[in-house]
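J.: Before I ask anything, let me first share the structure, which is written out below as structure tokens.
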Amino acid sequence: MSSLYSYSGIVEALFPIRWIGALTFREALRRRLVLAAFGLGAAFLALFGLALFLIHRELARFGPPDPRMREEIASFFMLAALYGANVLIVMAAVVGTADTIAGEIASGVIQAVAARPIARWQILFGKGLGHALWLLLYVLWMAGGVIGITALITGWAPRGWGRGLALLGLEALIPLSLSLWAGTRFSTLATGALGLGLYGVAFIGGWAEQVGSLVGQATVVDLGILASLLMPAEALWRRAAYELQSPLARLMGPNPFTAATIPSDRMILYALVYVVLLLALAAYQFERRDL
């Protein structure tokens, strides 16, 4: 009887989260910003597909006779496109979620929702769920589209495509969790600026780590790792790029779109803890904030 009661209690607690999540998801898909992100993503994929088709056709006619070399060229071009897609994913996650809490607090909309018999943490997690759904769809649209187009045109796909997409999906949740936490304390503008600023720090830190590793400068490597700890998004991209590389590309060493140092499984675990901790802090602060 107690187990039945606890199960019904869990279902009762999760229902508002699902309800708010569904409303947030539908609202996000109607926003011009999100629609523009998907529309520009379609243009990005169309340009990539046309360029890859023309490159592959020329390689088949006049390129290296060894098909493995043609696959390596296609792999390099795919990683270059994924590099650009990854930046668009992070930007969409930062800009598209900056007002999810902060904006509704400033406009007073959140007061009408919070006045209902729903806990504030349920509101926050519901909004987080709705935004997470469209962000994961965007990851599939952009990164999955690049990988799918490559496979369709060249007949080659990276073996680690599933792990790569999962890592990019986790990466998209990092700016979202940061927006939820920052939105309980700061304005929409400050929340977006914080997300972009931390990503910029992580971006240059990731490059500093790569260059420091190549020249043997341990201090620079440590500084890059520290920057990754502030926001592990760039580290997840480097691990995803490693998973999406061909075996030969891994042996050839780093290039502009991969990494000289590969983030370990501990960094992936840290990114998961990072997301969970920010969500917990956001719920704690949101419960105690005056609306």
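Every read-out reported here was derived from the displayed coordinates using simple, explicitly stated rules and does not represent laboratory data. Nothing here was measured: the structure is a model prediction, and the numbers come from that model. Cβ coordinates were reconstructed from backbone atoms using ideal geometry, including for glycine residues, and neighbour counts include every protein chain displayed.
J.: Where does the charge balance sit around Q210 when Lys and Arg score +1, Asp and Glu -1, over other residues with C-beta under 12 Å from its C-beta? Working shown, then result.
T.: Values: positive: R238; negative: E209, E234.
That works out to -1.
J.: Here is a further query. Along each of the three principal axes of the Cα atoms of segment 28-69, give the extent in whole Å, ordering the values from largest to smallest.
T.: Computed over segment 28-69, the largest-to-smallest principal extents equal 49, 16, 8 Å.
J.: With axes computed from alpha carbons, what is the tilt in degrees of helix 145-154 against the longest principal axis of the chain, rounded to the nearest 10 within 0 to 90?
T.: 20
J.: Can you tell me the length gained on complete extension of the stretch R185 to R289, counting 0.36 nm per residue apart and subtracting the Cα distance? Write down the numbers at each step before the final one.
T.: Working: separation 104, 0.36 × 104 = 37.44 nm, distance 0.82 nm.
Full extension of this stretch gives 36.6 nm more.
J.: Order the peptides 41-51, 168-178 from the highest to the lowest mean number of other Cβ atoms within 10 Å of their residues.
T.: Numbers: 41-51: 14.9, 168-178: 24.8.
Going by the mean number of other Cβ atoms within 10 Å, highest first, we get 168-178, 41-51.
J.: Right, here's the next one. Just the ratio, please: alpha-carbon radius of gyration of the chain over 2.2 N^0.38 Å, N its number of residues. If you can, show how the numbers build up before the last one.
T.: Numbers: Rg = 21.2 Å, N = 291, 2.2 N^0.38 = 19.0 Å.
Working it through for the chain, the quotient is 1.12.
J.: Relative to the longest principal axis of the C-alpha atoms of the chain, give the angle of the C-alpha long axis of helix 218-230, reported between 0 and 90° and rounded to the nearest 10°.
T.: 40
J.: Just from its helices, what would the mean residue ellipticity at 222 nm be for the chain, if runs of 4 or more DSSP H residues each count -39500 (n - 2.57) and the sum is divided by every residue, rounded to the nearest 500 deg cm²/dmol? Show your work: numbers first, answer last.
T.: Values: 13 runs with 239 residues, N = 291.
So the helix-based figure for the chain works out to -28000 deg cm²/dmol.
J.: Next question. Taking the Cα atoms only, what angle lies between the long axis of helix 2-30 and the longest principal axis of the chain, rounded to 10 degrees?
T.: 60
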